[in-house]
Amino acid sequence: MLPLPADPTLDELREALAPLLPRNAAFDGWNDAAVTATAQSVGVDPEIARLAFTGGATDMIDAWFASIDTRMAQALPPETLAGMKISARITALVEARLDLLAPDREALRRALSILALPGNFRLATRLGWRAADVMWRLAGDTATDYNHYSKRTILAGVYAATLMVFLDDESEGQANTRAFLARRIAGVMRFEKAKARLSGSSDRYFSLSRFVGRLRYPAI
């Protein structure tokens, strides 16, 4: 838990509690009971803690995923990534996220079930995009044109598909998930190389949506 000042703001409280929420959400669900248990475990007034998550389950999940973004960046600082190829950087970043999520897979399962509800489609899309954007930025991507959007759309699809494998992976060290991810990243790199060779009207022969679909639902 992040150290809290004597009189923390709600934003500071939210940031401090977010990484701890899943340990209770795994048992209590993403609800006020999880916030209360988390607050009590660190000596914070539960009533004040609940004010930091007025949006309910989706607010808690959003905060938890934001904490994953932050801790992933801390685990892989620029100097660590600098000597890697782009594909290795992206792979390392996704694997770092998986390592951070591994202790809380049941909470993740519950969170993804909530995000899969029709009413939460926009939030789920935003969180997936945010994760992909953070990873590409950490990997050193500076594209501002069409590539900015295509890279993030594809990576969001890869990450979503990888999470589905990860949830039920009982192999040692999530070896099956890592192998799945390696195949998907290799596919992305092949796509990027092929796209770089295209010019002018030939772009119309590529369908980004079909490509993302194949990445998300391949044969494992």
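Output the residue which, of all residues in the range 99-113 that are buried (at least 19 other Cβ atoms within 10 Å of the Cβ) and either of a type in the set (A, V, I, L, M) or under 11 Å from the mean Cα position of the chain (by Cα) (or both), is farthest from residue 154 (Cα to Cα). This residue is 107. The sole residue among 65, 27 that is surrounded by 19 or more Cβ atoms within 10 Å (Cβ to Cβ), out of contact with any Cys (no Cβ under 7 Å at 6 or more places or on another chain) and hydrophobic (A, V, I, L, M, F, W, C) is 65.
In the range 101-148, which residues are basic (Lys, Arg) and within 30 Å of residue 84 (Cα to Cα)? Steps first, answer last, please.
Pass one, the range 101-148, residues basic (Lys, Arg): 105, 109-110, 122, 126, 130, 137.
Passing the criteria: 105, 126, 130, 137.
Selection of the range 1-46 for residues being among the aliphatic types (A, V, I, L, M), under 21 Å from the mean Cα position of the chain (by Cα) and not in a helix (DSSP H, G or I) yields 1, 2. Restricting to the range 158-184, count the residues that are surrounded by fewer than 19 Cβ atoms within 10 Å (Cβ to Cβ), assigned to a helix (DSSP H, G or I) and more than 16 Å from the chain's Cα centre (by Cα). Total meeting the criteria: 7.
Do we have any residue at all in the range 128-148 that's modelled with pLDDT of 95 or more, surrounded by 21 or more Cβ atoms within 10 Å (Cβ to Cβ) and closer than 19 Å to residue 22 by Cα? Among the residues of the range 128-148, at least one is modelled with pLDDT of 95 or more, surrounded by 21 or more Cβ atoms within 10 Å (Cβ to Cβ) and closer than 19 Å to residue 22 by Cα, which makes the answer yes.
Does the range 76-95 contain any residue that is under 20 Å from residue 58 (Cα atoms) and either at pLDDT below 95 or of a type in the set (A, V, I, L, M) (or both)? Within the range 76-95, none of the residues are under 20 Å from residue 58 (Cα atoms) and either at pLDDT below 95 or of a type in the set (A, V, I, L, M) (or both). Scanning the range 113-156 for residues that are acidic (Asp, Glu) and in contact with a helix residue (DSSP H, G or I) (Cβ under 9 Å, 6 or more places away or on another chain) turns up 133, 141.
The values are calculated or read from the model by the stated rules, or taken from the named source; none is laboratory data. Just so you know, these numbers come straight off a predicted model, no measurement behind them. Positions of Cβ are backbone-derived with ideal geometry, glycine not excepted, and every protein chain shown enters the neighbour counts.
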